[in-house]
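Single-structure report; data block below.
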Number of protein chains: 2
Amino acid sequence: MRIREATAEDWPGIWPFWHRVVVGGETYTWDPDTSEEAARALWMAPAKRVYVAEDETPDGTAVVGSAYLTPNYGGPAARIANAGFMVDPDRTGRGIGRALAKHVLAEAEAQGFRGMVFNAVVETNPAVRLWTSLGFTVLGTVPDAFEHPKDGRVGLHIMYKAL
Amino acid sequence: MRIREATAEDWPGIWPFWHRVVVGGETYTWDPDTSEEAARALWMAPAKRVYVAEDETPDGTAVVGSAYLTPNYGGPAARIANAGFMVDPDRTGRGIGRALAKHVLAEAEAQGFRGMVFNAVVETNPAVRLWTSLGFTVLGTVPDAFEHPKDGRVGLHIMYKAL
């Protein structure tokens, strides 16, 4: 697996799993009807640094995951980062999310961010365990905020790690 | 004082105190260098409902405060609201913020929102007392996230009220 900064040419490799994950409606607070154009504008916004994980697949080298890094706030709080992660659902359980997270945390620190916040982690998302194992803590939970297709109304964690 | 939905024509009345408050750098996580055009795009974005408080001033009826109401998340969490409030610094202490907040909370409930989140309340901001008196609680605090010109590094509260 190789992690590198994304280019505009990577988007067609990201969109199929991005769409599948968002339509699944279990982990992201984005509209399942988000168009490809809107999704690209959101994931690859100018203020974001975007990364991809590439791996060998039966069809050759392919993008198997992606992440973005961006300031979570502006002005006097601009040194707190936010990041988002998405892994191809066919490739979970292979450490791609963990590898992307470690890469992005190192990048954030190198870019001078002093901490990282996740604003809306669905409390039933298995990724909560991953973030906790990487040193994130739950600062608080917005109760019953997320309508999960299987779990019903669940909370959204705000998670934080100092850098 | 009268509170009503804003129109595009209200922006010139909002911008002078918006700019002054953001340049002050004590309460908002926006860039003090935000241009008038960018500020308008931010405060009056299409996804936002915007309100103004009008009052009599020595120069006649004027906009003395403004607020916006918008979903804080999309998709499966779209029924949690976010709001922002700004009062002319020359007109604080007259209940304008409280009146705007009550109006926006009633609007949010009428529009079907189930809760309201403030994502980044500077912990030394006197408005924390106002939000608490209106039933908001501090869900958690991002430590040392905000570089306050007088107080140094202070935390950012995430505050919440069920509707």
- Task: Within region B:47-63, track down each residue that is over 12 Å from the mean Cα position of the chain (by Cα) and among the hydrophobic types (A, V, I, L, M, F, W, C).
- Result: B:Ala47, B:Ala53, B:Ala62, B:Val63
- Query: Quick one: A:Val154 ticks every box in (1) closer than 19 Å to B:Gly74 by Cβ; (2) open to solvent by less than 50 Å² (accessible area, probe 1.4 Å); (3) away from chain B (no Cβ under 11 Å) bar one, so which box is it?
  - Reply: (3)
- The number of residues in region A:1-52 that are among the aliphatic types (A, V, I, L, M), in contact with a strand residue (DSSP E or B) (Cβ under 6 Å, 6 or more places away or on another chain), within 20 Å of A:Pro89 (Cα to Cα) and within 13 Å of chain B (Cβ to nearest Cβ) is 1
- Looking only at residues in region A:73-95 that are more than 19 Å from A:Thr132 (Cβ to Cβ) and assigned to a loop (DSSP other than H, G, I, E, B), which one is most open to solvent (accessible area, probe 1.4 Å)? A:Arg94
- Task: Within region B:115-163, work out how many residues are over 23 Å from A:Ala145 (Cα atoms) and not hydrophobic (A, V, I, L, M, F, W, C).
- Result: 15
- Query: Restricting attention to region B:44-61, does a residue exist that is part of a helix (DSSP H, G or I) and buried (at least 18 other Cβ atoms within 10 Å of the Cβ)?
  - Reply: no
- Item | Leading residue by the ranking (farthest from the chain's Cα centre (by Cα)) among those in region A:126-140 that are within 12 Å of chain B (Cβ to nearest Cβ) and of a type outside the set (A, V, I, L, M, F, W, C) | A:Gly140
- Query: Residues in region A:17-33 that are within 15 Å of the chain's Cα centre (by Cα), free of Cβ contacts under 8 Å to residues at least 40 places away in the same chain and in a helix (DSSP H, G or I): how many?
  - Reply: 2
- Note on the structure: Checked region A:121-136 for anything in a loop (DSSP other than H, G, I, E, B) and free of Cβ contacts under 8 Å to residues at least 12 places away in the same chain; matches are A:Pro126
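Of a type in the set (Lys, Arg) and at the interface with chain B (Cβ under 10 Å from one of its Cβ atoms): does that describe A:Arg94?
No; evaluated as a whole, the condition is false for this residue.
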- Test set (1) of a type in the set (Phe, Trp, Tyr); (2) within 14 Å of chain A (Cβ to nearest Cβ); (3) assigned to a helix (DSSP H, G or I) - B:Phe118 fails condition number: (3)
- Consider A:Glu36 carefully, then state whether it is out of contact with any Cys (no Cβ under 7 Å at 6 or more places or on another chain), over 25 Å from A:Arg153 (Cα atoms) and touching a residue at least 40 places away in the same chain (Cβ under 8 Å). no
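Taking only region B:53-75 into account, find how many residues are free of Cβ contacts under 8 Å to residues at least 60 places away in the same chain, among the hydroxyl-bearing types (Ser, Thr, Tyr) and under 16 Å from B:Thr7 (Cβ atoms).
Adding up the residues that qualify gives 2.
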- Across region A:96-147, what is the total count of residues that are under 29 Å from A:Thr57 (Cβ atoms), among the charged types (D, E, K, R) and surrounded by 15 or more Cβ atoms within 10 Å (Cβ to Cβ)? 2
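The values are calculated or read from the model by the stated rules, or taken from the named source; none is laboratory data. What you are looking at is a predicted structure, and each value in this text was computed from that prediction instead of being measured. Positions of Cβ are generated from backbone atoms using ideal geometry, with glycine treated the same way; all protein chains shown enter the neighbour counts. For accessibility, only protein heavy atoms count, side chains too; no ligands or nucleic acids. Shrake-Rupley method; radii C 1.70, N 1.55, O 1.52, S 1.80 Å.
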